[in-house]
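All remarks here apply to the structure that follows.
The values are calculated or read from the model by the stated rules, or taken from the named source; none is laboratory data. This structure is a prediction, so every number in the text was calculated from the model and none was measured. Note: ideal-geometry Cβ built from the backbone for every residue, glycine included; neighbour counts use all protein chains shown. Surface areas here come from the heavy atoms of the whole protein model, side chains and all, with no ligands, DNA or RNA. Shrake-Rupley method; radii C 1.70, N 1.55, O 1.52, S 1.80 Å.
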Amino acid sequence: MLDAPAGNELQALSDLAARVFDVPTAAINVLTSTQQHQVAATGFEASVCDRDDSLCARVADVVETVVVPDARQNPLLADSTFVRDVGVRFYASAPLVTPDGVTLGRLCVFDMQPRETTDEQRDALAFLAARVTDVLELRLRSRQLEESLAELTHARDELARSNEALWHFASQVSHDLRNPLMAVRANAELLTGEPAIADDPELLAVVERITDAARGMGRMIQEVLAHAKEGGRPQRDWLDLEEVVDRALLDLSPLIRETGAEIHVADLPTLPGDGELLYSVVLNLLSNALKYTAPGVPPRVSLAARLVGGSWRVTVTDNGIGVPPGLEESVFLPYVRGDVDLDGPPREGWGIGLATVHRVVTAHGGRVGLARRPGGGSEVWIELPARPVSAPQHAR
């Protein structure tokens, strides 16, 4: 405020104050702890002086308009440099008070001759002082807005740079994953031609599942790469959620057999969404339900859906160990694990599965949550729009 030029608005208010009182001089004075800064002046060049020499500083604590017809007769102002040496006689001022109640300084008019004033002039001076404060407040808000805009622009540029780096990273990772995956798929396809495999239906089915899983993983890598390249916008096609679940159950079949899990899937809807991304959601939810179980207790998992408003609420319930109280929301944050306070050996995982679920679901314009079941276990639910949304939403 002190370094900026007066500008047309402040200069006009200073000139108008001089005209209202029919005096040749006026000033908008801002006071600091040691100085008086004239941010606009009429009839002379604006300058800076010591606070001790300022007439406005001597009445800085007065919260109303001050009018002194003859400063030489006023004990508070008579010994001031401006009165004693410069010859100021008439002085009037009104405080510049911010909406927060802070007094910045005063709008003053003065003359070398004593003067009398009217009530209308006093009221006009207070009104003009309030308008000076309005202009200064507007300048402050404009500067803050400019600073915020600069910060947002910087953040946007940093985000663009980060997204570019992330895409290159995703490209490199997908490239590094494709090569061993292609080797797995190629060898699995070669095995299907071996007589020992081809003549054994059970072994052939295992090899075919390996081949299908490798193909599915290849598609997922490609989809994740495309997702990163598009800035996190999911592709929206009508998909059968039952097919997505069937595919996830097929890939989890070794774990299902190993744990002796009992899985019940109710009728599931067709809805708009990105098949590969929602596959990762279903895979994470089901694998958590199968892994986080009490020792010696076979998993029992149920998956169902119902229409809630304009969204499909899909729930996955289990009889597992659940999550400790208070972690129902934080488990959706990266690297937070729900079994940190439970006894027993640590389970595999980095704590990013549910964070991935949250990111994908919110990118689809949906919601996700978790509740502890009274009889033990958890119920994780996701809500996905039943109809295509007007514009894709970005993952948070």
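Residues that are within 16 Å of V357 (Cα to Cα), within 33 Å of the chain's Cα centre (by Cα), modelled with pLDDT of 90 or more and not hydrophobic (A, V, I, L, M, F, W, C): does the range 267-275 have at least one? Don't jump to the end; show me each part of the working.
So in the range 267-275, the residues within 16 Å of V357 (Cα to Cα) come out as 273-275.
From the residues that got through so far, the ones that are within 33 Å of the chain's Cα centre (by Cα) too are 273-275.
Applying the additional criterion that residues be modelled with pLDDT of 90 or more yields 273.
After this cut, where a residue has to be not hydrophobic (A, V, I, L, M, F, W, C) as well, the list is 273.
Looking for residues that are within 16 Å of V357 (Cα to Cα), within 33 Å of the chain's Cα centre (by Cα), modelled with pLDDT of 90 or more and not hydrophobic (A, V, I, L, M, F, W, C), one finds at least one in the range 267-275, hence yes.
Regarding E230, is this residue surrounded by fewer than 19 Cβ atoms within 10 Å (Cβ to Cβ), modelled with pLDDT under 85 and over 21 Å from V184 (Cβ atoms)? So that I can check it myself, show each step before the final result.
On the way: surrounded by fewer than 19 Cβ atoms within 10 Å (Cβ to Cβ): yes; modelled with pLDDT under 85: yes; over 21 Å from V184 (Cβ atoms): yes.
In short, yes.
Filter the range 164-191 for residues that are among the charged types (D, E, K, R) and open to solvent by 80 Å² or more (accessible area, probe 1.4 Å); which is modelled with the lowest pLDDT?
Here the residue is D176.
Can we say I221 is modelled with pLDDT of 85 or more and in a helix (DSSP H, G or I)?
Numbers: modelled with pLDDT of 85 or more: no; in a helix (DSSP H, G or I): yes.
So I221 does not fit the description; no.
Here's a check for you: in the range 283-295, which residue that is open to solvent by 20 Å² or more (accessible area, probe 1.4 Å) and either at pLDDT 95 or above or not polar (S, T, N, Q) (or both) is farthest from L384 (Cα to Cα)?
Taking the candidates together, the pick is P295.
Quick one: P298 ticks every box in (1) out of contact with any Ser or Thr (no Cβ under 7 Å at 6 or more places or on another chain); (2) open to solvent by 40 Å² or more (accessible area, probe 1.4 Å) except a single one, so which number is it?
Exception for P298: condition (1).
Select from the range 301-325 the residues that are of a type in the set (F, W, Y) and either open to solvent by less than 20 Å² (accessible area, probe 1.4 Å) or in contact with a Ser or Thr (Cβ under 7 Å, 6 or more places away or on another chain) (or both) and list them in ascending order.
Those that are of a type in the set (F, W, Y) and either open to solvent by less than 20 Å² (accessible area, probe 1.4 Å) or in contact with a Ser or Thr (Cβ under 7 Å, 6 or more places away or on another chain) (or both): none in the range 301-325.
Can you pull out the residues in the range 99-134 that are among the hydrophobic types (A, V, I, L, M, F, W, C) and under 16 Å from T42 (Cβ atoms)?
Of the range 99-134, the ones among the hydrophobic types (A, V, I, L, M, F, W, C) are 102, 104, 107-110, 112, 124-130, 132.
Hits for the range 99-134 are L107, C108, V109, F110, M112, A124, L125, L128, A129, V132.
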